[in-house]
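Below: the structure, in C-alpha cells.
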Amino acid sequence: MTIEELLAVETIKNLRIMGSKHLDSGKLDELVALYTEDAVCEFGPYGTWRGRDTFRDNFAAAEAPFYASGYFSNLHVVTNHAVELTGPDTATGIVYLLDFVTGDQMREGGNPLYWLGVYEEEYRRTGEDWRISRQSLQFVWPQRMVDDGFLARQATPAPVAGRTEGPR
C-alpha cells in the first residue's frame, strides 16, 4: 500500500468517526456535508433516503427522541472499519455499529445498548475530499433486520448440517 493509499483509507475512517460525532452532537449540517449530493442511505426501519437534500430532516426526525434527553445521550460507536480502495476516487467499507443510549430511550432494565449493526458503505472522492455515496445499515440486534444480499456479500455460506469442520 502506498502512502497516498494509506492516507485515503485513514481519511475515509476519519470521515465516519466525524459522522458519529456530528450525529450525536446534533450538528446535522456538518453531518450532511459528509455525503455526496446523490448519496443513498438505507436504514432499515428508518427507511431509504435518496439525495442529500432530504438527509437533515430525516436525521433530525430519527434522532428527535434521543436529542430530547440531551446531545450525546445517544452514542453511535463505529468500529472495526475495513476500507478497500476500488479505484483512484472510489472505495468501499464495512463498519460495525454499537449504538448506546442513556436517559428515556434506555431499554428495559437499564440496558444502554440500543442497536448492534453493520454498515456497508461506498465512498467517492469529490475534488480533494472523500464523501459517503452509499450507506446501508444492517441491524443484527435486538431485532435482526438483514437484507437478503448482505450475507451473500459479506459472509461465508451457511454450514451444511452434520458438518463439523471448522474454518480453514
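The values are calculated or read from the model by the stated rules, or taken from the named source; none is laboratory data. For clarity, every value in this text was computed on a predicted model and none was experimentally measured. Neighbour counts are summed over all protein chains in view; Cβ atoms, including those assigned to glycine, are modelled from backbone coordinates with ideal geometry. These accessible areas exclude ligands, DNA and RNA; they are computed on the full protein's heavy atoms, side chains included. Shrake-Rupley method; radii C 1.70, N 1.55, O 1.52, S 1.80 Å.
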Next item on the list: Mind listing whichever residues of the range 144-168 are modelled with pLDDT of 90 or more, surrounded by 10 or more Cβ atoms within 10 Å (Cβ to Cβ) and part of a loop (DSSP other than H, G, I, E, B)?
Entry: VAL146
Note to self: Going by what's in this entry, would TYR96 be described as under 23 Å from GLN154 (Cα atoms), of a type in the set (Ser, Thr, Tyr) and either open to solvent by 70 Å² or more (accessible area, probe 1.4 Å) or out of contact with any Lys or Arg (no Cβ under 7 Å at 6 or more places or on another chain) (or both)?
What the structure shows: yes
Checklist line | Some residue of the range 103-116 being open to solvent by less than 60 Å² (accessible area, probe 1.4 Å), in contact with a strand residue (DSSP E or B) (Cβ under 7 Å, 6 or more places away or on another chain) and over 19 Å from MET145 (Cβ atoms) | finding: yes
Next item on the list: Among the residues of the range 1-36, count how many are touching a residue at least 40 places away in the same chain (Cβ under 8 Å) and not acidic (Asp, Glu).
Entry: 16
Next item on the list: Go through the residues of the range 27-40 one by one and say whether even a single one is open to solvent by less than 20 Å² (accessible area, probe 1.4 Å), touching a helix residue (DSSP H, G or I) at 6+ places or on another chain (Cβ under 9 Å) and not aliphatic (A, V, I, L, M).
Entry: yes
Check: With (1) of a type outside the set (A, V, I, L, M, F, W, C); (2) within 16 Å of ALA62 (Cβ to Cβ); (3) crowded, with 17+ Cβ neighbours inside 10 Å as the list, and ARG134 as the residue in question, which single condition is left unmet?
Finding: (2)
Margin query: Quick check on the range 42-51: of everything there that is closer than 21 Å to LEU116 by Cβ and without any contact (Cβ under 8 Å) to a residue 12 or more places away in the chain, which residue is least open to solvent (accessible area, probe 1.4 Å)?
Written below: GLY47
Margin query: Test of understanding: among TYR119, TYR123, which residue is within 15 Å of HIS76 (Cα to Cα), part of a strand (DSSP E or B) and of a type in the set (Ser, Thr, Tyr)?
Written below: TYR119
Item checked: Selected residue [within 27 Å of PHE150 (Cα to Cα), in a strand (DSSP E or B), among the small types (Gly, Ala, Ser) and touching a residue at least 40 places away in the same chain (Cβ under 8 Å)] from ALA39, ALA82 -> ALA39
Item checked: Those residues of the range 85-116 which are touching a residue at least 12 places away in the same chain (Cβ under 8 Å) and part of a loop (DSSP other than H, G, I, E, B), in sequence order -> PRO88, ASP89, THR102, PRO112
